[in-house]
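Please read the structure below before turning to the comments.
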Amino acid sequence: MQQSENGGEATVDVQFTDLPNALIACKVPEDLFTESSLKAGFEALFHSFDPKVQFQYFKSFRRVRINFSDALAAAEARLRLHKTNFNGKEMRLYFAQMVHIGSPRLEPPKPEKQFLISPPASPPVGWEQSQDATPVINYDLLCAVSKLGPGEKYELHTATPTTPSVVVHVCEDEHGKNSAAEVSDQDDRPHPQRLKIIQTRRPDYTPSVEQ
């Protein structure tokens, strides 16, 4: 900030070299890409700030890039036209991301967002790996289920006026209800041999002689 010698009004020197000279209009009306009259009205809004302004239309993204001759005109256009009404919809204008022409490398992401990369370049400051919680084993439930026979059930949770009950049912075998002794006898019996899958035989190969 600079102040005049006679104590008059202070002036501020503002540098616009760090600001981009282009704006991005987002979610513009779809008719803007097809109707010439609507497109002329849209371009006239920005010609008042810079007669040399240029437009790039991206129909697939419903966006328009507006390139100004300097950053000051772009900043003024955004200040005056951002969130204004155009063809019955609110127009959103944002500064285009600056691209450094001539640099063979891309700029790295900001340090506070590097941990979002998979795998992360480095964990954020103060990050510590959490320890896995010890699994909870309900021995009473395991004991009760082990004593159940085919067709029996065990109620895990009693029903309330707002929640249903949770009941475990033991499935029956394919031969119906059998006692534990019958099940143990079946384990001693020889099981039927499984069918062997026979692979398809490969056809005989007859070499052909080319003349």
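The values are calculated or read from the model by the stated rules, or taken from the named source; none is laboratory data. As the structure is a prediction and not an experimental result, all values here were calculated from the model. Here the Cβ positions follow ideal geometry from the backbone for every residue, glycine too, while neighbour counts run over all protein chains shown.
Working only within segment 61-87, note down all residues that are exposed (fewer than 14 other Cβ atoms within 10 Å of the Cβ) and closer than 18 Å to residue 35 by Cβ.
85, 87
Which numbered condition trips up residue 49, out of (1) surrounded by 11 or more Cβ atoms within 10 Å (Cβ to Cβ); (2) farther than 30 Å from residue 19 by Cβ; (3) at pLDDT 80 or above?
Here residue 49 clears every test but (2).
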